[in-house]
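No value in this document is a laboratory result; all are computed from the given coordinates. This one's a predicted model, so the numbers in the text were calculated from it and none came from an experiment. Cβ coordinates were reconstructed from backbone atoms using ideal geometry, including for glycine residues, and neighbour counts include every protein chain displayed.
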Amino acid sequence: MSKTNSNADRFRKQAIAEELVEPVEEARNLAEKLGLEPYPVKYWIIDYDEMNELIAYGGFQSRYPHWRWGMQYDKQQKQGQYGGGKAFEIVNNDNPAHAFLQESNTISDQKAVITHVEAHSDFFANNEWFGLFTGGQADEGAVNAAAMLERHAQAIDDYMSDPDIERAEVEKWIDHCLTLEDNIDQHQIFTRRLDIEGDVPDEIDEDLAEKLDELGLSEEVKGEVFDEEWLETVENEDVSVEFPEHPQKDVLAFVREYGKQFDEESGRAVEMEPWQRDILDMMRAESYYFAAQKMTKVMNEGWAAYHESRMMSDEGFAGDNEFVNYADHMARVLASPGLNPYSLGMELWEYIENKTNRREVLERLLRVEGVSWRNLTDVVDFDAVLETLEPPEALARITPETLEGLEDVPPEYVDDDALEAARDGEIDGAADAASSERADRPVDVERYPWKVLTYDGLARRHYSLVKRQHRGFLTRVSQNDLERIGRYLFDDARYESVEEALADVEFTAGWDRMFDIRESHNDVTFLDQFLTQEFITENDYFTYEHSQATGQFHVSSDEAEDVKKKLLLQFTNFGKPTIAVYDGNYNNANELLLGHQYNGVMLDLKQAKETLKRVFELWGRPVNLLTVVKEVDEHDIEVAKRRNREPEPEERGKCIRYDGESITTEDVPWEEVEHLAAEDVDYDTKPDDWLA
């Protein structure tokens, strides 16, 4: 690129950045008014190719050298060129967060992205699952993933440049590690693993060490032994030694600590090179960093889409001349095919808000004299209730000419300082943008009416139950729900009239509840708790399955438990099968025994066998995998077709073993796999690839 073109590119990006200074500042102000507490965000303007590079790198500018990034870049570029997809932004979980805006976006797109990013940053900063990565660090609470990934990139680049290490071997080792990148214990606080110092701990005296040698134990097992009492137990009971004591989901940590590499010349396992353990450690750290994002995809994207819509639509952050473009932008995002985390997440957040607000209103109404859960729908005029719940006109429509009307609303709704600044007079927008003393300027109510309101005032202004699309929600309450609410009400307040009861409604209840949920849930718990029959019926969710008898797909159920089960299997353990280490000294021969925690979904056995070959490289000795398969006899399929029903599969235990040369698969007694099988599972869900 010529110097002239480079300068032109820089000036173009600077011009775009200057145009976005005010939207960035005001989006943060509005986000905080709405109760969000985001990390600081630094915004960057980038071009189309730079955006594709960042997406390929997982949102960061620097990653370790590896072929996977080029493949992901190519995929992203083709999706943009041929698939009709468009990348509007990318934001990473860091403190401060970094968000990248594509320069080709329209101004309405940029505003939508900025409001979306502010909500993401709030989620990063406040969701407990993101805190697991920093919770075990010395600088607890700090997030500097960009620096960590940069260190990893530099270290791996140094290994690849080392004349004593073959570059191809480093890349191959990374491939082996990535095979297990989702086999961590994402529910635990992340801590770095330490090397085992020496073959046998210093605490073991010479006599004990000699006895251990007589037992023929591996050095790894010796490293777990620390006293005579344990040795006597093993000798007296004549049992083989197993470790870990309990199944370990963090397979990466286990092979990091106890794994070896297979030396082809000697035909045996030897210690890993320091660079190999170092790369294992780096890959594991990166897996833990990205785990929270994988665990909260629906929640996080739904949270961002919800607040983007609240700011851009409800508060008019998209100007009158930008709204049509924004509506098109939002429609494309929410209408993406397949399981769309944006639409599912946003619908669930709106459902939680509505359900919480409805319960708050119903609890007030059920305390009115003469009203009970049995007669509420007969004696209460719900149209009148909704009319009462409408926000006062002074809140619904705020202009410079209507500011005086705010004196008649409850004082907790009004930001007195902002209202005083607004009364100082309207100012010119161009002069406003150029002002260097933004904190002292008057409030432009015409453009930003929300500035004169508090969090309580905004909750009242945007009360969900009276929105056009939700007006039927209050009356759709079932008799069972009414009974459940009414039976457990404390008799701590009684009202003489419906009007008196509604005067006590907490209009922030829905938003407050959403903030509580945002802090503690992940996608699995979120879906498990809030994917109710009411939500599924209202939003037309259903399950479908493939029939072996007809060879076609068909709708199988619209029941909440079936839909929930189907979805949960896609989100549990990142949608991947759960594999744990059950024995690092299997058959007392230093072999690794993995167990597939079977939930009714079979492993892709072809993928599983290829994966075992990779794991062998990280263990250096034979690797075994216990799993459960479902087998159907061809005769049973033919009979089922004639009778127009599904054949009944039979579950059997299998042990797959790779010894460095060949794969074997053997039947095992059900007793050996029974502990791996779940009881209540969805047998119709198609399997995902295991660690593909």
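General remarks:
- Projected onto planes of every orientation and averaged, the convex hull of the alpha-carbon atoms in the stretch 572-676 covers 8.0 nm².
- Fully extended contour minus Cα-Cα distance, from GLU150 to ASP540, at 0.36 nm per residue: 135.9 nm
- Listed residue pairs exceeding 20 Å between alpha carbons, taken from LYS249/LYS294; LYS564/LYS606; LYS294/LYS566: LYS564/LYS606
- You can think of it this way: the chain between ASP659 and SER313 has 118.5 nm of extra reach, that is 0.36 nm per residue less the Cα-Cα gap.
- Placing a label point 7 Å from the Cα of ARG10 along the Cα-to-Cβ direction, the residues of the stretch 32-61 whose backbone N falls under 18 Å of that point are 44-47.
- Spatial separation of Cα centroids for the stretch 253-299 and the stretch 649-665, in angstrom: 24
- Hypothetical label at ALA560: residues of the stretch 461-502 whose amide nitrogen lies under 15 Å (7 Å Cα-Cβ projection): 476-485
- Fully extending the segment from ARG652 to ALA331, taken as 0.36 nm per residue of separation minus the present Cα-Cα distance, adds 110.9 nm.
- For the stretch 588-631: relative contact order, % (alpha-carbon pairs under 8 angstrom, 6 or more apart): 61
- Each of TRP129, TRP670 was scored by other Cβ atoms within 10 Å of its Cβ. Listed from fewest to most, they are TRP670, TRP129.
- Order of GLU412, GLU363, GLU661 - criterion: other Cβ atoms within 10 Å of each residue's Cβ, fewest first: GLU661, GLU412, GLU363
- Considering only the Cα atoms of the stretch 344-537, their convex hull presents on average a projected area of 13.9 nm².
- Pairwise FRET efficiency - ASP164 versus THR402, Cβ, R0 = 56 Å, nearest 0.05: 0.15
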